[in-house]
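These notes concern the structure reproduced below.
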Amino acid sequence: MTADRNNRGIASRCRSACLVVLLLLLPPVWAWAQPSLDLRQAGKGPVRIEAERLDYDQDSDVYRAEGDVVITFAGGFLKADTVTMNRTTGDAWARGHALLQSNGDTLEGDVIELNLDSKTGIARDGRMFFVRNHLFITGSEIEKSGEASYRIKDGTATTCDGPVADWRFAAREVDVTVDGYGTLKNGTFQVRNTPVAWFPWLIFPAKTTRQSGFLFPSLGYSQDKLGFDTEIPFYWAISENTDATLYTRYMDKRGVKEGLEFRYQPGTTTHGLFYGDFLKDRWTGSDTPGGIPRNWTEKQDRWSWYWNHETTFSPGFYFRSDLKKVSDIYYFRDFDSHNYYRDHYAGSLNRKFERVSFLANEQLTSYDSTARLVKEWQSFNLTALGQYTDNLTSPSNDETLQRYPEITLTGFKQPLFGTRLNWEFTGLYGNYYRTLGERGDVLDVYPKLSLPWTVGEYL
């Protein structure tokens, strides 16, 4: 499987501005094929119309549906108070609470006009949501002007939830072409609806397929920590099973930070990514972030790295690592507004290339690096774990308890020698270590017997 940059899913949270224009160009939500005489899409299944009232004018070849209209087709549906559809021309008009959904993406508007043949149309007072990357777009008019072209008037774009977005782009006019370029005219970058930067005209890449090139930059400003902040990522499609993203980030009060993300998937059983960054931090001064005082009188080397890897040797037998390290306990407090780990936070192991399991902000008190080898059988599970914890609330990590190794054998509930008596157990051996404080080995065996018993007719 190709290590495609588009594999990333987006959790419901604000993402960096570099995603905005890229995700604007996802497959169009109005890809709806023209129905034939029996209201079927050729080779794609039926088109079903449900409404309180449905009329057909044979002379004009027009269907008119009124009252809670739901038109279901392959991959999506269209809802509205009324829908008029001309079978000859392929034109359709949806009015009143119009909602079009295709492949999870949605388009809402007071009025949606579309042509089923050309796959073009306009939404008035439109609102779009791309679920794949959690992108919201609004516009007084959202027009799909061609096979891969969009035009948005008085538009906004953001990946933030809530009635007031933490950030968004707004422009009088936006033109984009999928896998080409886009332009913004008379636009602003806004923080909580307040413009902080204005540009009369801006060109940006609009790439959605896997190809090398610059991605859209992120912009920000922090008066107390970073100053003016901009990051320009470059995506490098190295081969069919490897790719990389290079990050160059300029922070007015800190300096230039260089970062590299390398992703690999040599086969169906192995995949992983490595990320690292480095900054010669020019900030000097005294403060107490998180209640921990510091006094920096010269430039500091700030860095971080992260390695996530998984290899499956056979079904139920795999190795997984999730290793990470930062240069100092202040790293996430200084760069909490925007950092690689926060941007790639998933809280889930289901996404191959987005598995950062901790929210990297200034409230983070510790993080774990783990490596585990797991073997599963039908009735047993054997796990060998090594875990190192970094404590971010203390200048020293000497008193933090570490686990390496910790070996757990679990026997799931099963009949004992074919009788009605069930048995199960958990056995654990752990070596718990720290430089200062109590440490030692632990052996814990917890067997359990149970007997199901019926009392009376129903208990």
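Nothing in this text is a laboratory measurement; each read-out follows from the coordinates by a stated rule. What you see is a predicted model; the values in this text were computed from it and never measured. When we count neighbours, we look across all protein chains shown, and the Cβ atoms used for this are built from the backbone with ideal geometry, even at glycine.
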Theoretical gain in end-to-end length, Trp201 to Glu52 [0.36 nm per residue, Cα-Cα removed]: 48.8 nm
Formal net charge of residues neighbouring Thr400 (Cβ-Cβ distance under 13 Å; K, R +1; D, E -1): -2
Residue-by-residue Karplus 3J(HN,Hα) for segment 303-316, coefficients 6.51, -1.76, 1.60, Hz, glycine and proline x: 7, 7, 8, 8, 9, 10, 9, 8, 10, 9, 7, 6, x, x
Cα convex hull of segment 365-459, projected area averaged across orientations, nm²: 9.6
Magnitude of the charge dipole, segment 365-459, Cβ model with Lys/Arg +1 and Asp/Glu -1, debye to 20: 340
Across Lys280/Lys324; Lys253/Lys324; Lys225/Lys324, pairs whose alpha-carbon gap is larger than 30 Å: none
Where labels lie 7 Å past Cα in the beta-carbon direction, separation of Thr435 and Leu449 in nm: 4.9
Listed peptides 409-416, 383-390 by packing density, highest first (mean Cβ within 10 Å): 383-390, 409-416
FRET efficiency for Thr177 and Ser379, using Cβ-Cβ distance with R0 set to 56 Å, rounded to 0.05: 0.45
Amide H within-cut-off set for Leu215, under 5 Å, with H built and near neighbours excluded: Phe234, Tyr235
In order through segment 76-91: 3J(HN,Hα) via Karplus (6.51 cos²θ - 1.76 cosθ + 1.60), integer Hz, x for Gly, Pro: x, 7, 10, 10, 5, 5, 9, 9, 10, 9, 9, 6, 6, 8, x, 7
